[in-house]
Amino acid sequence: MTVLIPFAGLTPVPWKNGGGSTTEIAIGPPDSGFEDFDWRVSLATIEKDGTFSQFPGVDRTLALVEGHGMLLDIDGDPVLVTDGDPVIAFDGSSNVTAKLSRGGSTDFNAMTRSDRCYHTFGRRRLTGISTFVARADITVLFLAEGEALELRNEKERIGLVRFDAVVLEAGSVWKLEAGQAMIYIVDVYYHSEEDEESYE
């Protein structure tokens with residue numbers, strides 16, 4: 001089933017340390033929380049330097065959406081997140097601190113619990129009409145840049161504005177149309193029974 005998630009209807013949650021806020025975009029299963037989600041995508045606003053929360057057993061991807069980026073210290077290794085190199089993947093159990101570069105930063109986050117599933121992350125710039133196939137068990141498409149994006153197929157027509165997201169049904173095929181846009185794509189794959197047996 002296709003699920004449109006309008007960003008205007010979401011509520012940011014301030015961090016306890018006062019350094020920013022997180023807006024949860026989508027989570028699976030839908031009634032899960034921090035301790036038991038399989039996968040989660042969100043948008044975070046970082047307003048001052050600070051330490052990231054740890055999520056043991058979770059794989060994370062962070063992608064810059066707005067701002068001048070930041071310097072991340074990940075278990076003692078410095079990584080610069082900028083417009084030129086905007087995506088970083090890391091272990092949720094890592095010790096991560098962020099030092100902002102010239103002001104606040106808005107960042108897209110994807111998380112998957114490694115013993116249940118894994119994710120891949122992609123960025124795709126759109127101009128005009130193109131085709132998109134949702135190949136994963138769960139595909140989340142997020143409009144990171146651009147005023148509007150239309151998705152359509154024989155059954156549905158969906159309109160997105162900036163920061164909206166849509167969860168696509170596995171195997172569905174879409175035409176995407178935008179003047180100029182950048183989408184972020186999170187593909188979530190659940191481990192098969194064969195994968196689970198190999199862990200034992």
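The values are calculated or read from the model by the stated rules, or taken from the named source; none is laboratory data. All of these numbers come straight from a predicted model, not from anything done at the bench. Quick reminder, even Gly has a Cβ in these numbers, built from the backbone with ideal geometry, and neighbours come from all protein chains shown. Keep in mind that these areas ignore ligands, DNA and RNA; they rest on the heavy atoms of the full protein, side chains included. Shrake-Rupley method; radii C 1.70, N 1.55, O 1.52, S 1.80 Å.
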*Please compute the net charge surrounding G103, taking Lys and Arg as +1 and Asp and Glu as -1 over other residues with Cβ under 15 Å from its Cβ.*
-2
*asked:* With the crude spin-label approximation of a point 7 Å out along Cα→Cβ, what separation in nm comes out for S21 versus R123?
replied: 2.5
_Proximal lysine pairs, the chain, alpha carbons under 28 Å, eight or more residues apart or interchain_ = 4
_Quick check: net charge around D36, other residues with Cβ under 15 Å of its Cβ, Lys/Arg +1 and Asp/Glu -1?_
-2
*Hypothetical label at D49: residues of the range 65-92 whose amide nitrogen lies under 18 Å (7 Å Cα-Cβ projection)*: 68-82
*In the chain, carbon and sulfur make up what percent of the accessible area (probe 1.4 Å)?*
50
*Accessible area per residue, 1.4 Å probe, Å², for the range 117-190: what's the number?*
47
*asked:* If each residue of separation counts as 0.36 nm, what is the full-extension length gain between N95 and K155 once their alpha-carbon separation is subtracted?
replied: 17.0 nm
_Charge context of K155, other residues only, Cβ under 15 angstrom, K/R +1, D/E -1_ = -1
